[in-house]
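A.B. asks: Questions regarding the structure given below will be posed in turn.
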Amino acid sequence: MEKLVNVGIVGLGAVGERLLHQFVKHPKTIVAAICDTNTSRLNELQAKIDNVNIYTNYNELISDPSINLVYVAVPPKFHHRVVMEAAKAGKHILCEKPLANSLAEAEEMAGAVENANIVNAINFPLPYSNAVQTFKAKWEAGEIGKLKRVELKMHFPQWPRAWQQNPWIAGREQGGFIREITPHYIQVMEDLFGEITYEQSFIDYPDNPEQCETGVIAKLKLQDGIPVIIDGLSGIGRKEEISFKLYGDKGTLALKNWGQLEGETNEQSAFPIEAIENNEHQDLISEIIKAMENKQSRLVSFKDGYNVQKVLEQILQHV
């Protein structure tokens, strides 16, 4: 009988719960333990999972000898302490994005998992999306010609969104849409184009020093000098739009709202593109299990996460 992977989950917020259910459904994983300081939340989820151990202290979960993989789903400023303890215990680790709350933390975490020789991954779902795989294939096939510009637009009627109402994601210390949304697309850009260089950023903040940004305009550049423009704004009278767009001399290619593909040419105004199903890399959990079985896998590692964090911190710190 094939041995199943016992997963311990630290942090049971909206994102943590989403992946928790995916672990429950996956044929090769068992959610064996969950941890949160909110006991009512613990009890609520315990009632939905068979034979799960509950903890309010993450060190106790990490010390559980039955746990093979730790999923770190706490807010960003707590990633470092949980990851360092899990790495010390030799547990394989999946961490939420962004990897850390500072570049120094990200560097130490990447070094710790490498020294421990453990499987490490960040929860970036876009690389496993059929839409992103189709986007990448069309770009690599040269369908839009010579690249002129890359653009990331993040527009929100409100931030945090209605389903994200909690203090940390609204706060300046570790929240805001720059930290929450931009890392996904920095990762996609680095996968497509390689290293990204920071040039400048302008961030709008409310008067309250505890509250996160309301707007950002930033300029980065690719290795060949192609500009990357980031345009973020919240509190505006329109529906949410997240658009990642490539402008070429033969057309444009856009990924809208995470999964919708759109093209445009001189001869044809914006038209939808159907994503091609690709089963080579099915999902994040399956890829983690492949890595734990010493099979070839596609993961966004902590080393990759450090590179994303570097660009993110430059945007935030204007350096």
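None of the figures in this text is laboratory data; all of them are computed from the coordinates on show. Just so it is clear, the model here is predicted, and its values are computed rather than measured. Here the Cβ is made from the backbone with ideal geometry for all residues, glycine too, and neighbour counts use every protein chain on show.
A.B. asks: If the chain between Glu241 and Asn59 were fully stretched, how many nm would it gain, using 0.36 nm times the residue separation less the Cα-Cα distance?
C.D. replies: 61.6 nm
A.B. asks: Using alpha carbons only, how many degrees (0 to 90, rounded to 10) separate the axis of helix 130-140 from the longest principal axis of the chain?
C.D. replies: 40
A.B. asks: Something else about it: Which peptide among 261-268, 202-209, 241-248 comes first, and what is the full order, when sorted by highest mean count of other Cβ atoms within 10 Å?
C.D. replies: Averaged packing, sorted descending, gives the order 241-248, 261-268, 202-209.
A.B. asks: While we're on this one: Within the stretch 130-274, count lysine pairs with alpha carbon atoms under 13 angstrom apart where the residues are 8 or more positions apart or belong to different chains.
C.D. replies: 14
A.B. asks: Please give the contour-minus-distance gain from Glu277 to Lys148: 0.36 nm per residue of separation, less the Cα-Cα distance, rounded to one decimal in nm.
C.D. replies: 43.6 nm
A.B. asks: Rounded, prolate or oblate, given the Cα gyration tensor of the stretch 31-155, with a/c below 1.5 counting as rounded?
C.D. replies: Here the stretch 31-155 falls in the prolate category.
A.B. asks: Sticking with this structure for a sec: Return the lysines within reach of Lys91: Cα separation strictly under 16 angstrom, same-chain partners fewer than 8 residues apart disregarded; answer none if there are no such residues.
C.D. replies: Lys290
A.B. asks: Angle check, please: helix 302-317 long axis (alpha carbons) against the longest principal axis of the chain (alpha carbons), in degrees 0 to 90, nearest 10.
C.D. replies: So the helix axis and the longest Cα principal axis differ by about 60 degrees.
A.B. asks: Moving to a separate point now. Using bins 20 angstrom wide from zero, how does P(r) for the chain break down, in % of all Cα pairs?
C.D. replies: 31, 58, 11, 0
A.B. asks: What would the Debye equation give as log₁₀ I(q)/I(0) for the stretch 206-255 at q = 0.15, 0.32 Å⁻¹, counting only Cα atoms as equal point scatterers?
C.D. replies: -0.61, -1.24
A.B. asks: Any aspartates and glutamates with Cα under 13 Å of the Lys25 Cα? List them, leaving off those in the same chain fewer than 8 positions away.
C.D. replies: Qualifying aspartates and glutamates at Cα under 13 Å: Glu17, Asp50, Asp283.
A.B. asks: Specify, per residue and in Å³, the volume enclosed by the convex hull of the alpha carbon atoms belonging to the stretch 96-228.
C.D. replies: 155
A.B. asks: Another question, if that's okay. Place a point 7 Å from Cα of Lys77 in the direction of its Cβ. Which residues in the stretch 190-216 have their backbone N less than 16 Å from it?
C.D. replies: Under cut-off, by backbone N: 209-213.
A.B. asks: Take Gln296 and Ala137, extend 7 Å from each Cα along the Cα→Cβ direction, and tell me the distance between the two endpoints in nm.
C.D. replies: Computed distance between label sites Gln296 and Ala137 equals 1.8 nm.
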